[in-house]
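Chemist: Have a look at this one before I ask anything.
The values are calculated or read from the model by the stated rules, or taken from the named source; none is laboratory data. This structure is a prediction, so every number in the text was calculated from the model and none was measured. Quick reminder, even Gly has a Cβ in these numbers, built from the backbone with ideal geometry, and neighbours come from all protein chains shown. To get the accessible areas, we keep the full protein, side chains included, count just its heavy atoms, and leave off ligands, DNA and RNA. Shrake-Rupley method; radii C 1.70, N 1.55, O 1.52, S 1.80 Å.
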Amino acid sequence: MFDTVVIATDGSSSGRRAATVALDVARRFEASVHALYVVDETQVDGLPEDVHDDVRAALETQADESLDAVERAADQPVTVAVREGDPATEIIEYAEESDADVVATGTRGRHGEHSFIIGSVAEAVVRECPVPVLTVRQLEA
């Protein structure tokens with residue numbers, strides 16, 4: 001049923017839980033795993049020009065750490081990718097390019113400490129992605 005699982009991760013606790021669930025799905029179906037981190041350019045664009053390089057470097061470090069965590073948790077090879085741009089758009093495009101059968105994402109990202117039921121990125125991916133999207137709720141602490 002699932003040959004290719006794409007994990008959209010941002011390193012948040014919700015994203016880590018989504019990765020755990022997605023890796024279990026991949027194991028059960030013997031599917032290949034792709035882990036994707038999207039550097040959100042809007043986090044850089046609204047800041048003063050003199051800090052762009054430092055913020056971009058911090059976001060790239062965060063990407064590496066998030067993807068490394070998925071690779072460590074997996075018991076199989078993981079194809080990793082880092083993209084820049086609008087997270088929802090990049091996740092959807094990556095899913096199409098990698099011929100994904102399912103995309104897994106958390107419902108709350110790094111900016112998800114609000115009262116909405118689902119984060120804006122997850123909501124956009126659910127609405128627009130041409131393949132099934134597995135959303136994984138963050139458990140209460």
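Chemist: Working only within region 1-20, note down all residues that are open to solvent by 50 Å² or more (accessible area, probe 1.4 Å) and under 15 Å from P132 (Cβ atoms).
Modeler: M1, D3
Chemist: Looking only at region 21-61, filter to residues that are without any contact (Cβ under 8 Å) to a residue 40 or more places away in the chain and of a type in the set (S, T, N, Q); which one of those is farthest from A88 (Cα to Cα)?
Modeler: Filtering region 21-61 for residues that are without any contact (Cβ under 8 Å) to a residue 40 or more places away in the chain and of a type in the set (S, T, N, Q), the one farthest from A88 (Cα to Cα) comes out as T61.
Chemist: Please go through (1) in contact with a Phe, Trp or Tyr (Cβ under 7 Å, 6 or more places away or on another chain); (2) open to solvent by less than 70 Å² (accessible area, probe 1.4 Å) for S32 and return the number of the only condition it doesn't satisfy.
Modeler: That leaves (1) as the condition not met.
Chemist: Here's a follow-up. Would a scan of region 50-69 turn up a residue that is under 17 Å from the mean Cα position of the chain (by Cα) and part of a loop (DSSP other than H, G, I, E, B)?
Modeler: No, there is no match, as no residue in region 50-69 is under 17 Å from the mean Cα position of the chain (by Cα) and part of a loop (DSSP other than H, G, I, E, B).
Chemist: Right, A122: touching a strand residue (DSSP E or B) at 6+ places or on another chain (Cβ under 9 Å) and either modelled with pLDDT of 95 or more or open to solvent by 20 Å² or more (accessible area, probe 1.4 Å) (or both) or not?
Modeler: Considered against the rule, which asks whether it is touching a strand residue (DSSP E or B) at 6+ places or on another chain (Cβ under 9 Å) and either modelled with pLDDT of 95 or more or open to solvent by 20 Å² or more (accessible area, probe 1.4 Å) (or both), A122 comes out as no.
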